[in-house]
Amino acid sequence: MRAKASSRPKRSSTRKADGLGNAVFLVGFMGAGKSSVGRALGKLLSWDFEDLDDRIERREGRSVAEIFRHSGELEFRRAERRALQHILDDLRGGARVIALGGGAFVQESNAALLQASNAPTVFLDASVEELWQRCSKQAKEAGAERPLLGSQDQFRKLYEARRKSYKKASVLIQTGNRSVDAIAAEITELLGLRKIELRIEEGEAE
Ligand code: S3P
């Protein structure tokens, strides 16, 4: 018997079945493509996607740029940590791909929280020249405001200082010149992630 259209779809997920947890966190420097790859990965797996910076902005009621401008980086990091904890507390709600801001994983307390959660972390990397090109283009074309963009020289120094922290992630993926879909497929393969099947259960018609 076919279920009626008004039946509520029931989620059947393979999460936890392979011990990888129900979330994947994308880390890496500004311009690494964490949000666009995250969206593509979420779509591929039928997992929800969330951007940590969006959660911070919703919780704080102002943009990341405004937090930096009016309260400084230290206050931003505190808000970032609270938002990350909030996301981790929420994970029971379903499978999710989460993109972190470029500095989040570098904070040791955040990296420790993620490690304790057992969720895999994926370091998306590219050459610093390419990262700079992408960020400059986004600033020019989309008006993307990045408080820590700075000069090309400052950008390079910050990337170099942070790279060893990013390398603590579970896997590293080079993104240079590849489509977001190809990168999402590689992450799925490497981590053995599985799509959530949405199915209509028989006899569940209302
Ligand atoms: C930051 C990166 C930004 C944002 C904030 C701080 C950083 O996110 O979280 O401006 O410290 O590198 P993106 O990496 O998405 O640009």
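Readers should treat all values here as calculations from the given coordinates under stated rules, not as data from a laboratory. What you see is a predicted model, and the numbers here were worked out from it, not measured in a lab. When we count neighbours, we look across all protein chains shown, and the Cβ atoms used for this are built from the backbone with ideal geometry, even at glycine.
What full-extension length gain, to one decimal in nm, is calculated for Asp54 and Ser179 as 0.36 nm per residue of separation minus the Cα-Cα distance? Mind dumping the intermediate values first?
Numbers: separation 125, 0.36 × 125 = 45.00 nm, distance 2.36 nm.
Extra length available between Asp54 and Ser179 comes to 42.6 nm.
Full-extension gain between Lys157 and Gln133, please, as 0.36 nm times their residue separation minus the C-alpha to C-alpha distance. Working shown, then result.
Working: separation 24, 0.36 × 24 = 8.64 nm, distance 1.54 nm.
Result for the pair: 7.1 nm of gain on full extension.
Considering only C-alpha atoms, what is the centroid distance from the range 177-191 to the range 83-114, in Å?
Going from one Cα centre to the other spans 21 Å.
Taking the alpha carbon gyration tensor of the range 56-172, what are the square roots of 5 times its eigenvalues, largest first, to the nearest whole Å?
Working: eigenvalues 113, 73, 36 Å².
Gyration-tensor ellipsoid for the range 56-172: 24, 19, 13 Å.
Quick one: net charge of Asp125's neighbours, Cβ under 10 Å, K/R +1, D/E -1? Please list the in-between numbers first.
Values: positive: Arg163, Lys167; negative: Glu130.
Neighbourhood net charge equals +1.
Could I have the simple spin-label model distance between Ser63 and Arg82, label points 7 Å from Cα toward Cβ, reported in nm to one decimal?
2.1
Grab the other residues whose beta carbon is less than 14 angstrom from that of Gly150, score K and R as +1, D and E as -1, and report the net. Display every interim value, and only then the final one.
Details: positive: Arg146, Arg156, Lys157, Arg162; negative: Glu73, Glu145, Asp153, Glu160.
Net charge in that neighbourhood comes out at 0.
Report, by chain and number, residues whose modeled amide H sits under 5 Å from the one on Leu26, excluding near sequence neighbours (fewer than 5 apart, same chain).
Answer set, sorted by chain and number: Ile98, Ala99, Leu100, Val122.
Among residues other than Ala161 whose Cβ falls under 15 Å from its Cβ, what is the net charge (Lys/Arg +1, Asp/Glu -1)? Could the numbers behind the result be given before it?
Working: positive: Arg156, Lys157, Arg162, Arg163, Lys164, Lys167, Lys168; negative: Glu73, Glu108, Asp125, Asp153, Glu160.
Neighbourhood net charge equals +2.
Can you count the Lys pairs in the range 116-206 with C-alpha separation below 27 Å, eight or more apart or on different chains?
Details: Lys137/Lys157; Lys137/Lys164; Lys137/Lys167; Lys140/Lys157; Lys157/Lys167; Lys157/Lys168; Lys167/Lys195; Lys168/Lys195.
Lysine pair count for the range 116-206: 8.
Quick one: Karplus J couplings for the range 106-118, per residue in order, coefficients 6.51, -1.76, 1.60, θ = phi - 60°, nearest Hz, x for Gly and Pro?
Residue by residue, the range 106-118 yields 6, 6, 4, 5, 5, 4, 5, 4, 5, 4, 5, 6, 6 Hz.
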